[in-house]
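Accompanying notes for the structure given below.
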Amino acid sequence: MPATIVVGTQWGDEGKGKFTDLFAKEMSMVVRYQGGHNAGHTLVVDGESFALQLVPSGVLYDHIVPVIGNGVVVDPVVLLAEVDMLTAKGVDCSRLRVSGNAHLILPYHQEIDALTERYLGKNKLGTTKRGIGPSYADKSTRVGIRVQDLLDPKIFREKLEAVLEDKNQVLTRVYNRLPFDVDELAETYLGEVRDRMVPYVTDTVGLVHEALEAGQHVLFEGAQATFLDLDHGTYPFVTSSSPTAGGACTGAGVGPRHIDRVVGIAKAYITRVGAGPFPTELFDEVGDHLVDVGHEYGTNTGRRRRPGWFDAVMMRQAVRVNSLSEIALTKLDVLDQLDEVSVCVAYDVDGERHETLPYHQSDLHRATPICETLPGWKTDLTAMTEPGDLPVEARNYLDFLEDQVRCPISLVGVGPGREQFIHRTAS
Ligand code: GDP
Ligand code: IMO
Ligand code: MG
């Protein structure tokens, strides 16, 4: 399977990093195609934990070329700090490549992100305040500054001057803040930041196609998830990029005919960080149990993730919009101690049963989940490696989910470690 996409199917933090790292063993290249350092992908290898934000999750293998594609928004200061962190842990980042077409996140993006949130008050989205939305907004309104602009100091300065004319007006007149100084920013970004970025910058589209033409295996690593997608998510409670599988085509520069396999990563339950509708959200002690046992706190922001039951209505939609070929289900072990496990099979909206996602967002806000409850397995799954090891109740749960979402669950995560998974035969 030369080209594979790994995509989040819920509201993020499904364990994309863990499975990307696992698949990377068989790959030559891992390409991030969207998002920025709003992502937090945790890998646990030989007991050591790596929290990645921008660097693709394949970086831990010596044979992988990690690529940051054109669809990503890059804060170069954060990227270089991550490279330093990995280097200090003995990871060689010299093979990293960054698209010259990727857009930069600069300090005014972060400030505007935080200010927009503050002014939205109770309507705030709960963004990561990393400047993601403002950077993608500049890309769309064609005033963004790209990674390649770092290579041409004259152009970088010209673009910065032009954009700060506008940003500084907004910051000083609308938000009553201090303006950004062109000289100061130019000095920082055209100094050490530029010098250290230069070796990584290249034509990543060419690189990806050369790998594919040579028959090498390329993995496209999604950040965020289907329901945080700007088009397909629970707008406006979404991120500003296209995490769905189609985003890999634009965000890395490959056509759909190159894609052979699309693996959707789903948690055995659901979590969401930030605001927005969440039909299966749990506010009781079962929810607290999932947060405690699943360590459901943001990798980078430390925020408590909102917990809920697995939602088959959402998952059916994720199977469709991503053309999933299979599902990797993570964190099954987090349900180990529960007496019963519920799954949302449909929504009730004002007395009407919905088995597919209601197209009107207001309906989603009012939806009550219709759940089916299955017996728990009350067994520690964390050391299991074969499908036959699983207790019958756990196998029934997986069969039930597969039946509900009509897509095979090929892999099951039973712990955070690289080796803690079960390869099921697709049914
Ligand atoms: P991502 O953003 O989709 O890569 O997911 P995160 O890394 O933000 O969050 C997933 C968390 O669950 C991480 O701390 C992983 O180490 C952990 N994890 C991944 N798979 C499993 C699993 O199967 N079981 C358990 N218990 N933890 C897992
Ligand atoms: P990974 O890749 C979970 C959420 C934020 C907020 C919304 C918009 O680790 O799964 P943004 O800063 O992107 O403008 O915030 O999206 N969000 C995530 N939630 N996992 C993520 O990434 C997320 N990236 C953004 O909490 O609700
Ligand atoms: Mg995460």
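Taking every alpha-carbon pair within the chain, the share separated by more than 37 Å comes to 23 percent. Each Cα pair under 8 Å and six or more residues apart adds its separation to the average, and for the range 221-264 the resulting relative contact order is 28 percent. Note on the chain: with a GNM built from Cα contacts shorter than 10 Å, the maximum mean-square fluctuation among Asn168, Asn300, Asn38 falls on Asn168. Evaluated with a Cβ-only charge set (Lys, Arg +1; Asp, Glu -1), the chain carries a dipole of roughly 940 debye about its Cα centre, given to the nearest 20. The charge dipole of the range 20-158, taken about its Cα centre with unit charges on the Cβ atoms of Lys, Arg (+1), Asp and Glu (-1) only, comes to about 540 debye. Taking 19 Å as the straight-line reach from the Cα of Lys167, the lysines in range (excluding those fewer than 8 positions away in the same chain) are Lys129, Lys139, Lys159.
For the set Tyr235, Tyr297, Tyr175, Tyr359, the ranking by accessible area, highest first and with no ligand, DNA or RNA atoms included, is Tyr359, Tyr235, Tyr297, Tyr175 under a 1.4 Å probe. Considering only beta bridges that DSSP places wholly inside the chain, some 40 percent are antiparallel.
Could you put Thr188, Thr382 in order of accessible surface area, largest first, with the 1.4 Å probe and the full protein assembly present?
Thr188, Thr382
Considering only Leu80, His103, Gln317, the residue lying farthest towards the positive end of the dipole of the chain is His103, judged by Cα position with unit charges set on Cβ. Around the Cα centre of the range 9-73, unit charges on the Cβ atoms of Lys, Arg, Asp and Glu (plus for the first two, minus for the last two) sum to a dipole of about 200 debye.
Per residue of the chain, the DSSP helices (runs of n ≥ 4 H) give a summed -39500 (n - 2.57) that works out to -9500 deg cm²/dmol at 222 nm.
The value of relative contact order for the chain, using C-alpha pairs under 8 Å at least six residues apart, is 20 percent. Ranking Gly415, Val65, Leu120 by Cα position along the charge dipole of the chain, where only Lys, Arg, Asp and Glu carry charges on their C-beta atoms, puts Leu120 farthest toward the positive end. Between Glu326 and Val262, Gly264, the built amide H atoms are under 5 Å apart, and every one of these is 5 or more places off in sequence or on another chain. In the full protein context, the chain carries 41 Å² of accessible surface per residue, based on a 1.4 Å probe and ignoring ligands, DNA and RNA.
For the residues Val392, Val286, Val147, a GNM of the chain with alpha-carbon springs under 10 Å puts the largest fluctuation on Val392.
The values are calculated or read from the model by the stated rules, or taken from the named source; none is laboratory data. Remember, it's a predicted structure, so these values are computed and weren't measured experimentally. All Cβ positions, even for glycine, are placed from backbone atoms using ideal geometry, and neighbour counts span all protein chains on display. Accessible surface areas use protein heavy atoms only, side chains included; no ligands, DNA or RNA. Shrake-Rupley method; radii C 1.70, N 1.55, O 1.52, S 1.80 Å.
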